[in-house]
Amino acid sequence: MIDQSYAHARQRDERDELRSFRAEFYVKDDMIYLDGNSLGLLSKRAETSTLSVLESWKHHGIDGWTEGEHPWFYLSEQLGTQTAPLIGARPEEVVVTGSTTVNLHQLVATFYQPKGNKTKILADELAFPTDLYALQSQLRLQGYDPEEHLVLAQSRDGQTLNEEDLISEMTEDIALIVLPSVLYRSGQILDIKRLTAEARAREIPIGFDLCHSIGVFPHHLHDWGVDFAFWCNYKYLNAGPGGAGGLYVNQDHFGRTPGLSGWFGSRKDKQFDMEAEMTPAEDAGAYQLGTPHILSAAPLIGSLELFAEAGMERLRKKSLELTRYLMDLIDIKLKGMGFTIANPREDQWRGGHVYVEHVEAARICQALKAEGVIPDFRAPQGIRLAPVPLYNTFTDIWQAVDRLQRIMETETYKKYENKRGVVA
Ligand SMILES: *Cc1c(COP(=O)(O)O)cnc(C)c1O
């Protein structure tokens, strides 16, 4: 049985070797922010790097492309280099560009090469909708009916995927596999290494959506032989709303022609030759399209410094401790109140958030917000709670569960309508 006292939470905060990072963020005293898996908070470093980029624009005008603290012409590649350690990639295998959805389109346009009766794409029924929409439209562009050619591995329990099931779907007619590293609702981790080995043994290219794992745990994409990956930077990486996304392409594929081309995919020394024939970059840079969204990439410069300083191993350790503590307190203090923890409980299979279900989830989330606790509601009855190791504390967790307990005991959630907002 764990120590349920507030004093215990305080002690754990005092012992926390990452505690100094909280001061790097704009965290409001009267708010317990547990939504870092939807939109991470602003750090002072991200603010500084963004202001620095604005400063370059102010002072250098067009010359900001090659001058100033972070010359814009090289920023996407520089950020790729800075991101690489988080995912276990070579620096040249990563570039910051586009968004999750755009990068997925690009990578499917490149790696989906139907031939003979190998025409299908394998994904899963629990995938984030935008991923499915992108896959469906890519199939249609190639003249295939998504009804028949998009194979969705089914979940046995509606929350998680069974890896045996995924592997058994890797049949001869599959031309491409796209899966999440962590499921966005249940927080289940898929075994990237194992699934990649199985896909490779069948010569099926495989790519992963890392939106819920980048910045959560260390990856070894290069060593695991993952063909490609893509992600957004505004969740655990705290790069701001709509911040530029990222992609990884294994160096085995360097030299391949990207499915979608644009001039910023050119070799950097050739781009301004303005030739009608494109000379693509020899690395992941080739997958860029047009002029990079510099202002949307700028916060990531500062944000990634914090990850380098904190270290992914230490961040993962604290994240697991926070989510374990949260589950333990929910089990004890909210017992018999109708909550079900629906994420995998084992450290090995649990991502960065805790996922609980309750029939009154919509109103409970509104009541939590009114109490200064920011959760993430997922219709119809899901509540995601993401304690972020860079800025959340053990006392945050204690207080969040304490307030939740009070909301349930006093039934204050009944003041609200059981309905979701436009963004939820
Ligand atoms: C957040 C998220 C997205 C969002 O894609 P955008 O193109 O950034 O809007 C896609 N996939 C997953 C799994 C996500 O969690």
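Since every read-out is calculated from the coordinates, none of them should be taken as a lab result. Predicted model only: the values in this text are computed from it and were never measured. Quick reminder, even Gly has a Cβ in these numbers, built from the backbone with ideal geometry, and neighbours come from all protein chains shown.
Quick notes on this one:
- Largest GNM mean-square fluctuation among Gln288, Gln366, Gln142, using the chain with Cα springs under 10 Å: Gln142.
- Cα shape, the stretch 172-292, gyration tensor, a/c 1.5 rule: oblate
- The residue list Tyr144, Phe230, His60 was ranked by how far each Cα lies along the charge dipole of the stretch 48-309 toward its positive end, using unit charges on Cβ atoms, and His60 comes out on top.
- Once the mean of 1/r is taken over each pair of separate Cα atoms and inverted, the chain shows a Kirkwood hydrodynamic radius of 22.5 Å.
- Structural descriptor for the chain: relative contact order 22 percent, calculated from alpha carbon pairs under 8 angstrom and at least 6 residues apart.
- What the Kirkwood sum gives for the stretch 1-152 is a hydrodynamic radius of 20.3 Å, with every pair of different alpha carbons counted.
- For the chain, modelled as a GNM whose springs connect Cα atoms under 10 angstrom apart, the maximal fluctuation among Val373, Val182, Val27 occurs at Val27.
- Partner lysines whose Cα lies under 20 Å from the Cα of Lys44, excluding those fewer than 8 positions away in the same chain, are identified as Lys28, Lys235.
- Qualifying trypsin sites (Lys or Arg not before Pro) for the stretch 139-204 [loop in DSSP, other Cβ within 10 Å: at most 15]: Arg156, Arg202
- Charged neighbours of Lys317, selected by a Cβ distance under 14 Å, balance to +3 (K, R count +1; D, E count -1).
- Max mean-square fluctuation residue, GNM over the chain, Cα-Cα springs under 10 Å, options Trp231, Trp398, Trp65: Trp65
- Value of [θ]222 nm, deg cm²/dmol, for the chain, DSSP H segments ≥ 4, -39500 (n - 2.57) each, nearest 500: -11500 deg cm²/dmol
- Under 27 Å from Lys120, Cα to Cα: lysines that are on another chain or at least 8 residues apart: Lys193
- Loop-resident sites, the stretch 8-56, for GluC sites (Glu not before Pro), counting at most 11 other Cβ within 10 Å (DSSP): Glu17
- Asp29-Thr410 FRET efficiency (beta carbon distance; Förster radius 35 Å; 0.05 resolution): 0.90
- The listed peptides 5-11, 72-78, ordered by packing as a protection proxy, come out as 72-78, 5-11 (highest mean of other Cβ atoms within 10 Å first).
- The value obtained for the stretch 1-63, namely the Cα convex hull volume divided by the number of residues, is 139 Å³ per residue.
- Cα gyration tensor category, rounded, prolate or oblate, for the stretch 213-357 with a/c compared to 1.5: prolate
- For the stretch 163-175, Karplus couplings with θ = phi - 60° (6.51, -1.76, 1.60), whole Hz, Gly/Pro x: 5, 4, 5, 4, 5, 5, 7, 7, 8, 4, 8, 8, 9
- Student exercise, the stretch 48-309 dipole from Lys, Arg, Asp, Glu Cβ charges, in Debye to nearest 20: 200 debye
- DSSP-defined antiparallel bridges as percent of all bridges, the chain, nearest 5: 55 percent
- When you restrict to C-alpha pairs under 8 Å that are six or more residues apart and normalise by the size of the stretch 363-421, the relative contact order lands at 45 percent.
- Electrostatic tally near Trp57: other residues with Cβ closer than 13 Å to its Cβ, Lys and Arg +1, Asp and Glu -1, net -3.
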